[in-house]
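Chemist: Encoded as structure tokens, here's the structure I'll be asking about.
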Amino acid sequence: MPKLTETFVSKLPLAKEGTQKHWDPEIKGLVLFVGKASKTWYFQKDVGGQTRRVMIGRYPAISASAARETALEFMLDWGRGAGKAIQIGAPTLGNALEAYLSRPKLRSETHKTNLRQQFELHLKDWLRLPLTEISKSMVADRHRKLGATPSGANHLLKYFRTVWNHARRTVDLPESPTMAIEWYDEPPNGEIIEDLSAWRDMVDALPNPIHQVFYEFILATGLRKSEAFALEWKNVHEDWIHVPKTKNGRAFDLPIVALHLDILKPVRGLNKTWVFPSTKSEKGYIGRPVRLQWSPHAHRRTFSTVAMEAGVLEEVVGRLLNHTPKSITGQRYTKPSLNALRPAMDTVIAELVARGALRQSKRIAEN
């Protein structure tokens, strides 16, 4: 094994796959990690059955001679017992992602699954790299390559930043390399259903009655599609709905009126557990209903818009949508009861009926 000299290190090519490790034969513990984009010096040693590793720095900013001197100093400190305080090396992106997803207060299992899938799809070649091997140029270049979908590129790399910052709580890491990114502008979509009569005709024409009920229900409740997909009958009560876990990680109770139960009549009895069942889904409930001209989130925006236009206060609309209040008082002290929110729901439903979106008496469709 060749000595890690300046000449040898300078001639080493960058790795085509994964990370190559080159150990110095004279200074035990000195190792050079060669990745796809950089070369990094580490000092590593096993202590008490655990591998301890500390980053010395990147080459060529840290020369071979400087790395060797630093490694010798670590050897001396280690011999005095100081090595016990040296941190374990930076985790790989894959390990950092799993540590982040294991947080008990994180969002739903669907959110976790989606995040894993996005990292596997777009950042797979980084998952085995130590975080310290992922540079600013790599992050900025990946963001540009994903620029065909600006919103998707932004969201993915912002989640990468979140995972990085979570790892930073327990590992000595620099600021996230996403600081090099020029984020794409993301003007809000703002799409709502302007013509509710046309929407009504389109929903009535859907061949699957479960999909009909799904779209009516999310318009009448303002629920997110994921919250409606996973709705269980045990959480549907006579005058309220319980959503155990939502996007913000908190349970949510929503007041409902008699018309909501009428909307759900065609799907009651189809499945003991799921309100919107699907025999084609591994989870047991629908995940991809027939697409309409308007997205599921446009239904949620329409619910809030109709509520505002009917005179419901913005703060109350936010409560019906389970938005987190901006004020400390709203976040920590004010918790309106279901009965306090029920008049607002009555108002929204009456307005949707008046606009021809919902019917007072709903027919029971056969499945």
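The values are calculated or read from the model by the stated rules, or taken from the named source; none is laboratory data. Since we're looking at a predicted model, the values are computed, not measured. Glycine also receives a Cβ, built like all others from the backbone with ideal geometry; neighbour counts cover every protein chain displayed. SASA here: full protein model, heavy atoms, side chains in, ligands and nucleic acids out. Shrake-Rupley method; radii C 1.70, N 1.55, O 1.52, S 1.80 Å.
Chemist: Is it true that some residue in the range 6-18 is of a type outside the set (Asp, Glu) and touching a helix residue (DSSP H, G or I) at 6+ places or on another chain (Cβ under 6 Å)?
Modeler: So far as the range 6-18 goes, yes, one or more of its residues are of a type outside the set (Asp, Glu) and touching a helix residue (DSSP H, G or I) at 6+ places or on another chain (Cβ under 6 Å).
Chemist: Pairs under 7 Å by beta carbon, first residue in contact (Cβ under 8 Å) with a residue 60 or more places away in the chain in the range 221-243, partner acidic (Asp, Glu), six or more apart or different chains?
Modeler: Trp240/Asp253; Val243/Glu227
Chemist: Give the residues of the range 161-176 that are under 19 Å from the mean Cα position of the chain (by Cα) and in contact (Cβ under 8 Å) with a residue 40 or more places away in the chain, sorted by residue number.
Modeler: If the condition is that a residue be under 19 Å from the mean Cα position of the chain (by Cα) and in contact (Cβ under 8 Å) with a residue 40 or more places away in the chain, then Thr162, Val163, Trp164, His166, Ala167 are the ones that fit.
Chemist: Conditions: (1) surrounded by 20 or more Cβ atoms within 10 Å (Cβ to Cβ); (2) of a type in the set (Phe, Trp, Tyr); (3) modelled with pLDDT of 85 or more. Phe74 meets all but one. Number of the miss?
Modeler: Phe74 satisfies all of (1) surrounded by 20 or more Cβ atoms within 10 Å (Cβ to Cβ); (2) of a type in the set (Phe, Trp, Tyr); (3) modelled with pLDDT of 85 or more except (3).
Chemist: Return the residues of the range 243-270 that are over 19 Å from His111 (Cα atoms), open to solvent by 50 Å² or more (accessible area, probe 1.4 Å) and not acidic (Asp, Glu); say none if nothing qualifies.
Modeler: Within the range 243-270, Ala258, Lys265, Arg268, Gly269, Leu270 meet the criteria.
Chemist: Still on this model: Find the residue count for the range 132-149, including only residues that are assigned to a helix (DSSP H, G or I), open to solvent by less than 50 Å² (accessible area, probe 1.4 Å) and at pLDDT 90 or above.
Modeler: Here the count works out to 5.
Chemist: Then there is this: Pairs only if they're at least six apart or on different chains, beta carbon under 7 angstrom, first in the range 271-287 and within 13 Å of Phe229 (Cβ to Cβ), second acidic (Asp, Glu) and part of a strand (DSSP E or B); list them, first residue then second.
Modeler: Pairs that qualify, where the first residue is within 13 Å of Phe229 (Cβ to Cβ) and the partner is acidic (Asp, Glu) and part of a strand (DSSP E or B), are Thr273/Glu232; Trp274/Glu232; Val275/Glu232.
Chemist: Also: With the requirement that a residue be touching a residue at least 24 places away in the same chain (Cβ under 8 Å), open to solvent by 40 Å² or more (accessible area, probe 1.4 Å) and under 39 Å from the mean Cα position of the chain (by Cα), what does the range 25-47 give you?
Modeler: Initial filter on the range 25-47 (touching a residue at least 24 places away in the same chain (Cβ under 8 Å)): 25, 27-30, 32-33, 35-45, 47.
Now narrow it down to the ones that are open to solvent by 40 Å² or more (accessible area, probe 1.4 Å): 25, 28, 36-37, 45.
Selection gives Lys36, Ala37, Lys45.
Chemist: Here are Ala198, Ala167: which of them is open to solvent by less than 60 Å² (accessible area, probe 1.4 Å), small (Gly, Ala, Ser) and over 30 Å from Arg355 (Cα atoms)?
Modeler: Unique residue meeting the criteria: Ala167.
Chemist: Can you tell me which of Val34, Val54 is of a type in the set (Val, Ile, Thr) and at pLDDT 90 or above?
Modeler: So the residue among Val34, Val54 that is of a type in the set (Val, Ile, Thr) and at pLDDT 90 or above is Val34.
Chemist: Considering each of Ile210, Ile193 in turn, give the residue that is over 19 Å from the mean Cα position of the chain (by Cα), of a type in the set (A, V, I, L, M), part of a helix (DSSP H, G or I) and more than 30 Å from Glu98 (Cα to Cα).
Modeler: Details: Ile193 fails: part of a helix (DSSP H, G or I).
It is Ile210.
Chemist: Can you tell me how many residues within the range 295-320 are open to solvent by 10 Å² or more (accessible area, probe 1.4 Å), among the aliphatic types (A, V, I, L, M) and either under 22 Å from Asp195 (Cβ atoms) or not in a helix (DSSP H, G or I) (or both)?
Modeler: Residues in the range 295-320 being open to solvent by 10 Å² or more (accessible area, probe 1.4 Å), among the aliphatic types (A, V, I, L, M) and either under 22 Å from Asp195 (Cβ atoms) or not in a helix (DSSP H, G or I) (or both): 4 in total.
Chemist: I need the full set of residues from the range 337-358 which are open to solvent by 60 Å² or more (accessible area, probe 1.4 Å) and in contact with a helix residue (DSSP H, G or I) (Cβ under 7 Å, 6 or more places away or on another chain), in order please.
Modeler: Arg355
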